[in-house]
1. Please give the Cα centre distance for the stretch 182-223 versus the stretch 35-86, rounded to the nearest Å.
2. As a test of the definition: which semi-axes, in Å, follow for the stretch 149-201 when you take the square root of five times each eigenvalue of its alpha carbon gyration tensor? Largest first, please.
3. What's the angle, to the nearest 10 degrees (0 to 90), between helix 43-58's Cα axis and the longest principal axis of the chain?
4. For the stretch 212-259, report the % of Cα-Cα distances exceeding 16 Å.
5. I need the per residue convex hull volume for the stretch 3-208, using only the alpha carbons, in cubic angstrom as a whole number.
6. Please report the antiparallel percentage of the DSSP beta bridges confined to the chain, to the nearest 5.
7. Lone cysteines in the chain, defined as no other cysteine's Cβ under 4.7 Å from theirs: which are they?
8. What does the net charge come to around Met160 if you take all other residues with beta carbon closer than 14 Å to its beta carbon, with K and R at +1 and D and E at -1?
Amino acid sequence: MSDISRLLAVLPRELDGFRAEIDAARERGDVILERPPLNVISMQQREQLRVAFEALDADPAVRVIVLRATGEHFSSGGEIRGFLDAAPEHVSRLAWNIAAPARCTKPVIAAARGYCFGVGFELSLACDFRIASETGLYALPEQRLAQIPGSGGAARLQKMIGISRTKEIVMRSRRITGHEACDWGLAAECVPDGELEVATDALVDELRDFAPLAQRTAKKLLNDMEDAPLSLAIELEGQCYGMLRSSEDFREGVEAFAAKRKPTFRGS
């Protein structure tokens, strides 16, 4: 079974507002928001997105996952009417679905231009790296609907940029530009609109050069340390270091360094 056939086998027959692709030659999987012109994210789509991220994470042909969108805007947010129509049980799963990129063992990149609002912003915050276009605008506008972010947006923001700036975005529904997102530490870089794909490709290739096991270990360690006290975080780091010390990739890295050659990592 081909790589894309394996992916299609686990996804719903009809995807709601997005598509998923695998480029095996580049060891890359893409989740592409595709409901023009604003790529509004429906309730059903949230659950399907979770399945897509889990499928790409499980596919051995994929090393890096990219979340992106077609058109001028990443996403204007969620389907507003859906919140009134959804059952409480369904609404309670929203944060779990949107956290799918964070649970992936592999690196996940969000590349956004234009509007990145509401659940679109929350989905990008669950990714490991964010690349912003100069046309990018990020916002959590839920206060304008007498609501608050419900899929991890406020919680993730406060961890990343602190309480004062998070209050600016959440309590004032303030929009921040791609440059501000970069300055505030939300985005890894801000690039001209026409260079967003090039910058994304470059980061994918950079991440592919590292050892897969070390990448997966680093991501899990950093996520696990987020709420740990310093003494526990240091202990976790030491355990992970010790585990990687016995890996074949570490041996290959040391030998390649000594021989002044490029290492060939195999993920073991």
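Computed from the coordinates by the stated procedures, all read-outs in this text should not be read as laboratory data. Computed from a predicted structure; not experimentally measured. Cβ coordinates were reconstructed from backbone atoms using ideal geometry, including for glycine residues, and neighbour counts include every protein chain displayed.
1. Between the Cα centres of the stretch 182-223 and the stretch 35-86 lies a distance of 19 Å.
2. Working: eigenvalues 113, 26, 20 Å².
Listed largest to smallest, the semi-axes of the stretch 149-201 are 24, 11, 10 Å.
3. 0 degrees
4. That tail contains 44 percent of the Cα-Cα pairs.
5. On the way: hull volume 22.5 nm³, N = 206.
Spelled out: Cα convex hull of the stretch 3-208, divided by residues, is 109 Å³.
6. Around 30 percent antiparallel, to the nearest 5.
7. Cys104, Cys116, Cys127, Cys240
8. -2
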